[in-house]
Amino acid sequence: MSLFGIADATIRNGIFKPKTLESVWLFITEQKTSDRTQYQDQLTGDVLYMEGQTARRTDRMVIDHKALGLELLVFHRKRRLEYAKHGFRYEGSFQYESHRATDPGRPTKFVLRKQRASGATLDVPPDWVDNQPEVGGLTAVGEPVAPNWYGHARPEDLRRAATETPPPGATKTVVARNEYHRRRAVAAYVKASAGGRCEACGLAAPFADSAGAPFLETHHTTRVADGGPDDPQHVAGICPNCHRRAHYSADSLDFNAHIKVVVQHLEPPE
(Lines give C-alpha, C1' and ligand atoms only; values in the text may rest on other atoms or scores of the structure.)
Protein backbone atom coordinates (compact mmCIF):
# COMPACT_ATOMS: atom_id res chain seq x y z
CA MET A 1 0.00 0.00 0.00
CA SER A 2 3.00 2.30 0.31
CA LEU A 3 2.91 2.70 -3.51
CA PHE A 4 -0.11 4.95 -3.08
CA GLY A 5 1.03 6.61 0.14
CA ILE A 6 -1.49 4.80 2.29
CA ALA A 7 -0.57 4.60 5.96
CA ASP A 8 -2.39 3.65 9.14
CA ALA A 9 -3.41 7.30 9.59
CA THR A 10 -5.07 7.20 6.17
CA ILE A 11 -7.11 4.12 7.06
CA ARG A 12 -8.04 5.71 10.36
CA ASN A 13 -9.23 8.73 8.36
CA GLY A 14 -11.28 6.42 6.16
CA ILE A 15 -11.25 8.64 3.05
CA PHE A 16 -8.18 8.80 0.82
CA LYS A 17 -7.51 10.52 -2.54
CA PRO A 18 -4.44 9.04 -4.34
CA LYS A 19 -2.50 11.88 -5.95
CA THR A 20 -2.06 10.08 -9.29
CA LEU A 21 -5.54 8.59 -9.64
CA GLU A 22 -8.95 10.09 -10.35
CA SER A 23 -10.61 8.19 -7.54
CA VAL A 24 -11.43 8.42 -3.83
CA TRP A 25 -10.78 5.33 -1.70
CA LEU A 26 -13.15 4.69 1.20
CA PHE A 27 -11.87 2.34 3.91
CA ILE A 28 -14.81 1.00 5.91
CA THR A 29 -14.43 -0.97 9.15
CA GLU A 30 -17.84 -1.62 10.69
CA GLN A 31 -16.79 -2.89 14.13
CA LYS A 32 -14.16 -0.43 15.28
CA THR A 33 -11.65 -0.89 18.07
CA SER A 34 -12.05 1.31 21.14
CA ASP A 35 -9.15 3.59 20.17
CA ARG A 36 -10.85 4.62 16.89
CA THR A 37 -13.54 7.24 16.36
CA GLN A 38 -16.82 5.32 16.51
CA TYR A 39 -18.23 6.29 13.13
CA GLN A 40 -21.44 4.45 12.26
CA ASP A 41 -20.78 2.60 8.98
CA GLN A 42 -22.62 -0.38 7.49
CA LEU A 43 -22.61 -2.14 4.13
CA THR A 44 -25.95 -3.80 3.39
CA GLY A 45 -26.08 -5.49 0.01
CA ASP A 46 -25.29 -2.83 -2.58
CA VAL A 47 -25.92 0.10 -0.22
CA LEU A 48 -23.28 1.66 2.01
CA TYR A 49 -24.39 3.77 4.96
CA MET A 50 -21.38 5.71 6.22
CA GLU A 51 -20.38 8.74 8.21
CA GLY A 52 -17.84 11.20 6.85
CA GLN A 53 -15.00 12.82 8.75
CA THR A 54 -15.99 14.95 11.72
CA ALA A 55 -14.23 18.00 10.27
CA ARG A 56 -16.14 17.50 6.97
CA ARG A 57 -13.11 18.44 4.87
CA THR A 58 -13.64 15.52 2.47
CA ASP A 59 -17.43 15.73 2.23
CA ARG A 60 -17.38 17.62 -1.06
CA MET A 61 -15.29 14.93 -2.76
CA VAL A 62 -17.99 12.39 -1.95
CA ILE A 63 -21.02 14.56 -2.72
CA ASP A 64 -19.65 15.99 -5.98
CA HIS A 65 -17.52 13.03 -7.07
CA LYS A 66 -19.24 12.81 -10.48
CA ALA A 67 -18.81 16.50 -11.24
CA LEU A 68 -15.18 16.29 -10.12
CA GLY A 69 -14.55 13.24 -12.28
CA LEU A 70 -13.78 11.05 -9.27
CA GLU A 71 -14.72 7.41 -8.78
CA LEU A 72 -15.67 6.23 -5.29
CA LEU A 73 -13.94 2.91 -4.56
CA VAL A 74 -15.00 1.05 -1.42
CA PHE A 75 -12.72 -1.24 0.65
CA HIS A 76 -14.64 -2.99 3.41
CA ARG A 77 -14.20 -5.26 6.39
CA LYS A 78 -16.49 -6.14 9.26
CA ARG A 79 -13.68 -5.93 11.81
CA ARG A 80 -9.93 -5.28 11.88
CA LEU A 81 -8.93 -8.95 12.03
CA GLU A 82 -11.38 -10.26 9.44
CA TYR A 83 -8.69 -10.64 6.75
CA ALA A 84 -4.99 -11.49 6.84
CA LYS A 85 -2.60 -8.66 7.66
CA HIS A 86 -5.51 -6.41 8.65
CA GLY A 87 -6.58 -6.22 5.01
CA PHE A 88 -9.78 -5.07 3.33
CA ARG A 89 -12.06 -6.59 0.69
CA TYR A 90 -12.51 -4.47 -2.44
CA GLU A 91 -16.27 -4.04 -2.95
CA GLY A 92 -16.23 -2.03 -6.18
CA SER A 93 -17.22 1.39 -7.45
CA PHE A 94 -20.03 3.21 -5.65
CA GLN A 95 -21.95 6.37 -6.37
CA TYR A 96 -23.32 9.03 -4.07
CA GLU A 97 -27.07 8.93 -3.40
CA SER A 98 -27.82 11.27 -0.51
CA HIS A 99 -26.52 12.85 2.66
CA ARG A 100 -27.51 14.84 5.71
CA ALA A 101 -25.36 17.22 7.70
CA THR A 102 -26.78 18.24 11.07
CA ASP A 103 -24.98 20.01 13.90
CA PRO A 104 -21.42 21.34 13.39
CA GLY A 105 -18.87 18.98 14.87
CA ARG A 106 -20.91 15.91 13.96
CA PRO A 107 -20.06 13.89 10.83
CA THR A 108 -22.18 14.02 7.71
CA LYS A 109 -24.20 10.86 7.09
CA PHE A 110 -23.95 9.45 3.55
CA VAL A 111 -25.82 6.87 1.53
CA LEU A 112 -23.82 5.37 -1.36
CA ARG A 113 -24.90 2.68 -3.81
CA LYS A 114 -22.82 0.23 -5.82
CA GLN A 115 -22.63 1.16 -9.50
CA ARG A 116 -25.20 -0.61 -11.64
CA ALA A 117 -26.57 -0.05 -15.12
CA SER A 118 -29.00 2.83 -15.05
CA GLY A 119 -32.67 2.14 -15.70
CA ALA A 120 -35.66 4.11 -16.85
CA THR A 121 -37.20 6.79 -14.67
CA LEU A 122 -40.80 7.84 -14.24
CA ASP A 123 -42.06 11.01 -15.87
CA VAL A 124 -42.26 14.13 -13.69
CA PRO A 125 -45.94 15.03 -13.32
CA PRO A 126 -46.24 18.67 -14.50
CA ASP A 127 -48.93 19.54 -11.98
CA TRP A 128 -46.99 18.39 -8.89
CA VAL A 129 -46.40 21.57 -6.89
CA ASP A 130 -45.66 22.39 -3.28
CA ASN A 131 -48.23 24.91 -2.10
CA GLN A 132 -47.21 26.30 1.26
CA PRO A 133 -48.67 29.66 2.27
CA GLU A 134 -46.17 32.35 3.21
CA VAL A 135 -47.32 33.09 6.74
CA GLY A 136 -45.33 33.06 9.92
CA GLY A 137 -45.59 30.78 12.91
CA LEU A 138 -44.61 31.00 16.56
CA THR A 139 -41.65 29.43 18.31
CA ALA A 140 -42.16 27.10 21.26
CA VAL A 141 -42.03 30.11 23.59
CA GLY A 142 -44.46 32.18 21.51
CA GLU A 143 -42.04 34.39 19.56
CA PRO A 144 -43.14 35.29 16.01
CA VAL A 145 -41.23 33.84 13.06
CA ALA A 146 -40.77 35.80 9.84
CA PRO A 147 -42.22 34.02 6.79
CA ASN A 148 -38.86 34.03 4.97
CA TRP A 149 -36.92 32.60 7.95
CA TYR A 150 -37.31 29.02 6.76
CA GLY A 151 -35.40 29.65 3.55
CA HIS A 152 -32.40 31.27 5.24
CA ALA A 153 -31.96 29.52 8.60
CA ARG A 154 -29.05 27.18 9.29
CA PRO A 155 -29.88 23.44 9.22
CA GLU A 156 -29.10 23.07 12.92
CA ASP A 157 -31.53 25.92 13.75
CA LEU A 158 -34.20 24.40 11.54
CA ARG A 159 -33.80 21.03 13.21
CA ARG A 160 -34.02 22.58 16.67
CA ALA A 161 -37.20 24.43 15.65
CA ALA A 162 -38.63 21.22 14.20
CA THR A 163 -38.36 19.35 17.50
CA GLU A 164 -39.07 22.00 20.16
CA THR A 165 -42.59 22.00 21.60
CA PRO A 166 -44.38 24.56 23.76
CA PRO A 167 -44.15 24.15 27.54
CA PRO A 168 -47.13 22.94 29.59
CA GLY A 169 -49.70 25.67 30.01
CA ALA A 170 -49.08 27.36 26.67
CA THR A 171 -52.14 28.98 25.11
CA LYS A 172 -54.07 27.29 22.30
CA THR A 173 -52.86 29.98 19.90
CA VAL A 174 -49.21 29.31 20.71
CA VAL A 175 -49.71 25.55 20.42
CA ALA A 176 -51.51 25.81 17.06
CA ARG A 177 -49.13 28.32 15.48
CA ASN A 178 -46.09 26.48 16.83
CA GLU A 179 -47.34 23.28 15.21
CA TYR A 180 -47.45 25.12 11.90
CA HIS A 181 -43.95 26.51 12.57
CA ARG A 182 -42.60 23.03 13.30
CA ARG A 183 -44.14 21.62 10.10
CA ARG A 184 -42.46 24.35 8.06
CA ALA A 185 -39.18 23.81 9.90
CA VAL A 186 -39.26 20.04 9.29
CA ALA A 187 -39.82 20.56 5.55
CA ALA A 188 -37.13 23.23 5.27
CA TYR A 189 -34.62 21.20 7.31
CA VAL A 190 -35.11 18.01 5.32
CA LYS A 191 -34.81 19.81 1.98
CA ALA A 192 -31.73 21.77 3.08
CA SER A 193 -30.07 18.65 4.49
CA ALA A 194 -30.65 16.76 1.25
CA GLY A 195 -28.20 19.12 -0.46
CA GLY A 196 -30.17 19.36 -3.70
CA ARG A 197 -30.34 15.59 -4.28
CA CYS A 198 -33.19 13.16 -3.86
CA GLU A 199 -32.69 11.02 -0.75
CA ALA A 200 -34.45 8.08 -2.43
CA CYS A 201 -32.68 7.79 -5.81
CA GLY A 202 -29.65 10.04 -5.30
CA LEU A 203 -30.26 12.10 -8.46
CA ALA A 204 -30.10 15.89 -8.52
CA ALA A 205 -33.39 17.78 -8.12
CA PRO A 206 -35.05 17.92 -11.57
CA PHE A 207 -35.32 21.73 -11.62
CA ALA A 208 -35.07 24.86 -9.47
CA ASP A 209 -38.07 26.46 -7.82
CA SER A 210 -39.08 30.10 -8.24
CA ALA A 211 -36.54 31.11 -5.57
CA GLY A 212 -33.72 29.29 -7.36
CA ALA A 213 -33.52 26.42 -4.85
CA PRO A 214 -33.42 22.75 -5.91
CA PHE A 215 -37.00 21.48 -6.10
CA LEU A 216 -37.56 18.58 -3.71
CA GLU A 217 -40.65 17.44 -1.86
CA THR A 218 -41.08 16.13 1.65
CA HIS A 219 -42.20 12.53 2.03
CA HIS A 220 -43.43 11.12 5.34
CA THR A 221 -42.41 7.48 5.55
CA THR A 222 -45.64 6.93 7.51
CA ARG A 223 -48.45 9.21 6.43
CA VAL A 224 -49.46 11.87 8.94
CA ALA A 225 -53.07 10.90 8.22
CA ASP A 226 -52.20 7.41 9.45
CA GLY A 227 -50.63 8.70 12.65
CA GLY A 228 -47.11 9.13 11.31
CA PRO A 229 -44.97 11.70 13.17
CA ASP A 230 -44.04 14.99 11.51
CA ASP A 231 -40.43 14.68 12.60
CA PRO A 232 -37.06 14.75 10.75
CA GLN A 233 -36.51 11.09 11.74
CA HIS A 234 -39.54 10.11 9.62
CA VAL A 235 -39.36 12.54 6.68
CA ALA A 236 -37.25 12.44 3.52
CA GLY A 237 -36.48 15.07 0.90
CA ILE A 238 -37.19 13.39 -2.45
CA CYS A 239 -37.79 14.30 -6.09
CA PRO A 240 -41.30 14.35 -7.61
CA ASN A 241 -40.70 11.07 -9.47
CA CYS A 242 -39.77 9.21 -6.31
CA HIS A 243 -42.58 10.88 -4.36
CA ARG A 244 -45.15 9.55 -6.80
CA ARG A 245 -43.43 6.15 -6.85
CA ALA A 246 -43.54 5.93 -3.04
CA HIS A 247 -47.32 6.45 -3.10
CA TYR A 248 -48.67 5.06 -6.38
CA SER A 249 -46.27 2.54 -7.95
CA ALA A 250 -46.62 -1.23 -7.98
CA ASP A 251 -43.59 -1.49 -5.69
CA SER A 252 -44.59 1.42 -3.44
CA LEU A 253 -44.38 -0.63 -0.23
CA ASP A 254 -40.87 -1.89 -0.97
CA PHE A 255 -39.75 1.52 -2.18
CA ASN A 256 -41.09 3.24 0.93
CA ALA A 257 -39.31 0.63 3.07
CA HIS A 258 -36.09 1.58 1.28
CA ILE A 259 -36.70 5.26 2.07
CA LYS A 260 -37.31 4.39 5.73
CA VAL A 261 -33.92 2.66 5.95
CA VAL A 262 -32.21 5.66 4.34
CA VAL A 263 -33.85 8.12 6.74
CA GLN A 264 -33.02 5.96 9.77
CA HIS A 265 -29.37 6.14 8.77
CA LEU A 266 -29.36 9.85 7.95
CA GLU A 267 -31.38 10.85 11.01
CA PRO A 268 -30.95 8.19 13.73
CA PRO A 269 -32.81 8.45 17.06
CA GLU A 270 -30.90 10.46 19.65
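Here are a few things to note about the model shown:
Quick grid of which residues meet (1) in a strand (DSSP E or B); (2) touching a strand residue (DSSP E or B) at 6+ places or on another chain (Cβ under 8 Å); (3) at pLDDT below 70; (4) of a type in the set (F, W, Y):
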{"residue": "S98", "(1), (2), (3), (4)": "yes, yes, no, no"}
{"residue": "R116", "(1), (2), (3), (4)": "no, no, yes, no"}
{"residue": "G119", "(1), (2), (3), (4)": "no, no, yes, no"}
{"residue": "D127", "(1), (2), (3), (4)": "no, no, yes, no"}
{"residue": "D130", "(1), (2), (3), (4)": "no, yes, yes, no"}
{"residue": "G142", "(1), (2), (3), (4)": "no, no, no, no"}
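- Test result for P229, outside the structural domain of R100 (by TED's automatic domain parsing), touching a residue at least 60 places away in the same chain (Cβ under 8 Å) and outside any helix (DSSP H, G or I): no
Conditions tested, residue by residue: (1) surrounded by fewer than 22 Cβ atoms within 10 Å (Cβ to Cβ); (2) under 30 Å from A67 (Cβ atoms); (3) β-branched (V, I, T).
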position	(1), (2), (3)
A140	yes, no, no
R154	yes, yes, no
R159	no, yes, no
P166	yes, no, no
A176	yes, no, no
E179	yes, no, no
S193	no, yes, no
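- Residues of the stretch 188-225 that turn out to be in contact (Cβ under 8 Å) with a residue 24 or more places away in the chain and either part of a strand (DSSP E or B) or among the hydroxyl-bearing types (S, T, Y) (or both), as a count: 7
- Evaluating A250 against the criteria (1) over 20 Å from A205 (Cα atoms); (2) surrounded by fewer than 13 Cβ atoms within 10 Å (Cβ to Cβ); (3) over 17 Å from the mean Cα position of the chain (by Cα); (4) at pLDDT below 90 leaves one unmet condition, (4).
- If the condition is being of a type in the set (A, V, I, L, M) and either part of a helix (DSSP H, G or I) or not assigned by TED's automatic domain parsing to the domain that holds Q233 (or both), then the stretch 157-187 contributes L158, A161, A162, V174, V175, A176, A185, V186, A187.
- Some residue of the stretch 205-226 being touching a Ser or Thr at 6+ places or on another chain (Cβ under 9 Å) and within 26 Å of R60 (Cβ to Cβ): no
- Residues in the stretch 198-232 that are among the aromatic types (F, W, Y) and either closer than 18 Å to V261 by Cβ or modelled with pLDDT under 85 (or both): 0 in all.
The values are calculated or read from the model by the stated rules, or taken from the named source; none is laboratory data. The model shown is predicted, which means the values in this text are computed figures rather than measured ones. We place every Cβ from the backbone using ideal geometry, glycine too, and count neighbours over all the protein chains shown.
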